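The values are calculated or read from the model by the stated rules, or taken from the named source; none is laboratory data. Bear in mind the structure is a predicted one, so any value in this text is a computation, not a measurement. Using ideal geometry, Cβ is built from the backbone for each residue, glycine included, and neighbour counts are taken over all protein chains shown.
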Amino acid sequence: MVALTGNASLIGQDQRIGLELAESEFGGSTPALSVRLEDGGSDEQTATTAFRRLLQQPVVALIGPSLSQQAFAVNPIADPAGVPVLGASNTAIGIPQIGPFVSRISAPVSKVAPLSIQAAKRLNPKLERVAVFFAQDDAYSTSETKIFQKSIQGLGLKLVTVQRTSTADIDFQKPIADTLQTRPDLIVISALPNDGGNLVRQLREMGYAGLIAAGNGMNSPNIYSVCQRYCDGLLIAQAYSPEAKTAVNRRFVQLYQKQRGGTAPPQFTAQAYAAMQVIHEALTRLDRQESLRSQSRNQALATMALPELRRALNTILLQGTYDTPLGEIRFTPEGEVIQKDFYVARVKMDAKGKTGRFALLPNPSPATP
Amino acid sequence: MEALLQLLFNGLSVGAVYALFALGYTLVFSVLGVINFAHGAIFTLGAYFTYFLIGGAVGANGLMAGLQLPFALPFWLALPLAGLGAAAVALVLERIAFRPLRDRGSDPLLALITSLGAGVILVNLIQLLVGAESYSIPVETLESLPVALSIAGAKVRTVQVMLLAIAGLLLAALSIWIDGSRSGKALQAVSEDPITAQLLGINSGRMIQIAFGISGFLAGVAGGLVGLSVSIAGPYFGIGYGLKGLGVLVLGGLGSVPGAVLGGLIIGLAEACVPAELSGYKDAVSFGFLFLVLLIRPQGLLGRPQANKV
């Protein structure tokens with residue numbers, strides 16, 4: 001279930017591509033896997049309705065929702081029902097702790113967010129004054145800004161202003177005017193692609209020329225159409241690199257480029273693909289395990305009752321190690337992802353300001369276990 | 001002084017859009033006594049029309065994916081044409097969602113519900129045709145102008161100044177038309193009492209159509225202008241403005257044209273006064289302010305108290 005409508009649809013569109021690519025890659029193998037795509041919208045109510053609809057169907061696991069805000073609303077419904085939920089983009093603190101059936105492959109903000117502040121400091125060692133914007137009506141943004149602010153203070157930087165916005169906001173003239181009076185060297189944004197993209201555009205139009213670091217919510221090429229040429233230079237920490245030289249990533253990039261042309265796949269697409277891959281590999285292991293136990297050569301999973309299948313899948317999923325486009329990942333018993341590799345990208349727009357790419361900075365941060 | 005000027009610019013540029021939006025509500029309310037809840041959808045359509053008329057293409061989603069007009073108009077021409085397109089849709093709405101009920105003498109509350117339904121259908125139709133993604137009018141559209149202006153130390157985006165100027169011009173033109181022209185006076189007569197106006201030889205039905213047409217035009221132009229200033233954030237783009245416009249309508253006084261202008265500017269300025277640490281609560285502050293005003297003047301700032309016949 002991903003956001004195909006509303007202000008998070010820019011994230012959902014990336015995720016949809018990842019799920020469809022994974023279905024084409026893994027759907028034909030045994031055990032057969034198919035995706036039932038539901039629009040979870042960008043609000044809790046739509047997500048809840050979509051989740052309940054899916055729970056009434058014979059699904060083995062749920063991937064989604066797109067927003068942490070939605071995850072806090074819908075995961076407590078799926079968990080008691082004993083349906084494994086694998087978050088592919090939820091990064092707010094506290095999501096795997098919702099229940100034993102909730103896990104995620106999207107690294108938490110605490111691991112990723114500080115990297116872009118550190119990168120900004122490396123790019124401008126004289127950097128001292130930092131302004132922060134965050135969407136106060138969004139769980140991911142409020143969670144991420146705490147990490148950002150802690151990281152800013154940890155590096156000895158001065159937090160000059162904290163501006164609260166809303167994900168529905170599109171006009172930021174007033175908070176920008178207030179912020180520019182504080183003369184920041186760096187502006188840090190936790191928002192979604194649409195509001196965040198508009199904020200970046202208006203910051204540049206109002207004359208701000210310093211560094212801008214954005215959070216995971218804006219980690220999508222879909223921001224290009226919103227902030228256009230003003231996206232250039234934006235720093236965003238990444239949990240995925242299209243340049244990773246592993247066989248599984250090369251295969252994923254190849255699939256993506258075959259469908260979408262020569263562009264590099266974005267993080268949300270890679271995470272959605274990896275989520276499907278994890279479920280597929282866990283089901284494959286379960287199938288093998290059950291076949292051995294029942295000494296049946298095929299259809300071992302088909303003989304299991306659905307609640308039993310879901311329970312067994314959840315257990316085996318959390319025990320495995322997976323070689324995904326995100327690198328090697330595994331889970332804590334609580335369902336939190338353990339990922340080794342993180343990066344920081346700087347958005348580079350083309351001369352016309354129509355499209356761009358996430359260019360990885362040369363010194364990727366060391367692994368954060 | 002610089003801070004005060006900055007606050008004034010911020011408040012007026014936002015307030016002018018609210019005023020333009022609320023005027024559309026006001027015009028329809030003044031002749032029909034109902035709020036047209038489809039007004040936000042017409043505003044959204046104006047933004048999309050402008051985007052497509054300047055040569056924008058439909059994105060990857062929706063039934064019209066990839067489509068693009070064979071020509072690209074300059075923004076200055078696209079904006080009034082988008083306004084006319086929005087006016088045409090408003091007239092169609094009047095024909096199918098309002099007139100049948102009016103002809104049957106139905107309760108005005110029913111027209112309110114049909115307008116709400118028409119608005120929802122329009123928004124869903126937009127989504128079906130062009131998808132839910134956001135669209136942006138290219139930043140190069142105003143390339144010949146500086147991106148921002150510095151006026152006595154206060155910084156303001158050129159597009160906001162333009163928005164304020166066009167909104168001001170439209171508001172002035174509308175006021176002159178209402179007070180200084182024969183048809184404007186006829187509209188006032190219909191808003192006072194449609195039956196008496198009809199007896200005096202005024203075609204009430206025609207005046208209602210004119211009110212809808214102008215209301216749609218204002219919404220379309222406002223949508224195009226806001227779309228130029230920020231991205232068009234999907235089919236639900238107009239909902240936030242619709243809610244704020246309702247607040248402005250009530251604050252200014254239901255059916256009062258100067259009240260809509262004053263209400264818009266006051267709400268815009270009230271939002272601009274919200275301090276940074278409370279900036280996320282600006283809607284609560286502006287609606288809280290509205291609540292306080294209504295406690296003292298239930299008829300709104302420039303509205304007339306309602307006299308009930310006994």
Answer with yes or no whether B:PHE212 is at pLDDT 90 or above, assigned to a helix (DSSP H, G or I), within 15 Å of the chain's Cα centre (by Cα) and within 30 Å of A:ASP195 (Cβ to Cβ).
no
Can you tell me which of (1) in contact (Cβ under 8 Å) with a residue 40 or more places away in the chain; (2) surrounded by 22 or more Cβ atoms within 10 Å (Cβ to Cβ); (3) over 16 Å from B:GLY11 (Cβ atoms) is the one B:PRO258 doesn't meet?
(2)
Restricting to region A:1-58, and then to whatever is small (Gly, Ala, Ser) and more than 21 Å from the chain's Cα centre (by Cα), can you tell me which residue is nearest to the other protein chains (Cβ to nearest Cβ)?
A:SER24
Check on A:TYR240, touching a Phe, Trp or Tyr at 6+ places or on another chain (Cβ under 9 Å) and among the aromatic types (Phe, Trp, Tyr)
yes
For region A:286-294, indicate whether the set of residues that are of a type outside the set (Lys, Arg) and under 19 Å from A:SER34 (Cβ atoms) is non-empty.
yes
Return yes or no: is A:LEU67 modelled with pLDDT of 95 or more, crowded, with 24+ Cβ neighbours inside 10 Å, of a type outside the set (Ser, Thr, Tyr) and in the same structural domain as A:LEU301 (by TED's automatic domain parsing)?
no
What are the pairs with Cβ atoms under 7 angstrom where one residue, in region B:209-220, is under 14 Å from B:LEU32 (Cβ atoms) and the other, located anywhere, is in a helix (DSSP H, G or I) and charged (D, E, K, R)? Sequence gap at least six, or different chains.
B:GLN209/B:GLU94; B:PHE212/B:GLU94
Here the qualifying pairs (Cβ atoms under 6 Å; residues six or more apart or on different chains; first in region B:148-165 and facing chain A (nearest Cβ under 10 Å); second part of a loop (DSSP other than H, G, I, E, B) and surrounded by fewer than 15 Cβ atoms within 10 Å (Cβ to Cβ)) come out as B:ALA148/A:GLY207; B:THR158/B:LEU145; B:THR158/B:PRO146
Tally the residues that are in contact with a Gly (Cβ under 7 Å, 6 or more places away or on another chain) and either within 11 Å of chain B (Cβ to nearest Cβ) or under 26 Å from A:ALA3 (Cα atoms) (or both), restricting the search to region A:181-192.
4
So which residues in region A:140-174 are out of contact with any strand residue (DSSP E or B) (no Cβ under 6 Å at 6 or more places or on another chain), of a type in the set (A, V, I, L, M) and more than 14 Å from chain B (Cβ to nearest Cβ)?
A:ILE147, A:LEU155
Of the residues B:GLY55, B:GLY15, B:GLY59, B:GLY33, only one is surrounded by 20 or more Cβ atoms within 10 Å (Cβ to Cβ) and touching a residue at least 12 places away in the same chain (Cβ under 8 Å); which?
B:GLY15
Evaluate the following for A:ALA264: is it outside the structural domain of A:SER220 (by TED's automatic domain parsing), at pLDDT 95 or above and closer than 23 Å to A:TYR240 by Cβ?
no
Residues in region A:316-351 that are touching a helix residue (DSSP H, G or I) at 6+ places or on another chain (Cβ under 8 Å), assigned to a loop (DSSP other than H, G, I, E, B) and of a type outside the set (Gly, Ala, Ser) total 7
Tally of residues being at pLDDT 95 or above and touching an Asp or Glu at 6+ places or on another chain (Cβ under 7 Å) across region A:182-210:
3
Looking at the structure I just gave you, is B:PRO138 within 11 Å of chain A (Cβ to nearest Cβ), at negative phi and loosely packed, with under 13 Cβ neighbours inside 10 Å?
no
Those residues that are more than 22 Å from A:ASN216 (Cα to Cα) and of a type in the set (Phe, Trp, Tyr), I need them from region A:309-356; list them, please.
A:TYR322
Do we have any residue at all in region A:211-233 that's among the β-branched types (Val, Ile, Thr) and more than 21 Å from the chain's Cα centre (by Cα)?
no
Of all helices (runs of 4 or more DSSP H) fully inside region B:1-109, the set with 1 or more residues that are within 14 Å of another protein chain (Cβ to nearest Cβ) is B:2-32, B:39-53
Search result, residues across region A:65-112 that are outside any loop (DSSP other than H, G, I, E, B) and among the polar types (S, T, N, Q)
A:SER68, A:GLN69, A:GLN70, A:ASN75, A:GLN97, A:SER103, A:SER110
Keeping to region B:113-135, report how many residues are of a type outside the set (D, E, K, R), within 14 Å of another protein chain (Cβ to nearest Cβ) and over 24 Å from B:TRP76 (Cβ atoms).
10
Options A:LEU286, A:LEU313; residue that is over 26 Å from the mean Cα position of the chain (by Cα) and not in a loop (DSSP other than H, G, I, E, B):
A:LEU286
Out of all the residues in region A:291-306, is one or more over 15 Å from the mean Cα position of the chain (by Cα), part of a helix (DSSP H, G or I), under 18 Å from A:LEU360 (Cα atoms) and among the basic types (Lys, Arg)?
no
B:SER115 - would you say it is within 20 Å of the chain's Cα centre (by Cα) and hydroxyl-bearing (Ser, Thr, Tyr)?
yes
Name every residue in region B:124-157 that is charged (D, E, K, R) and either in contact with a His (Cβ under 6 Å, 6 or more places away or on another chain) or not in a loop (DSSP other than H, G, I, E, B) (or both), in order of residue number.
B:GLU140, B:LYS155, B:ARG157
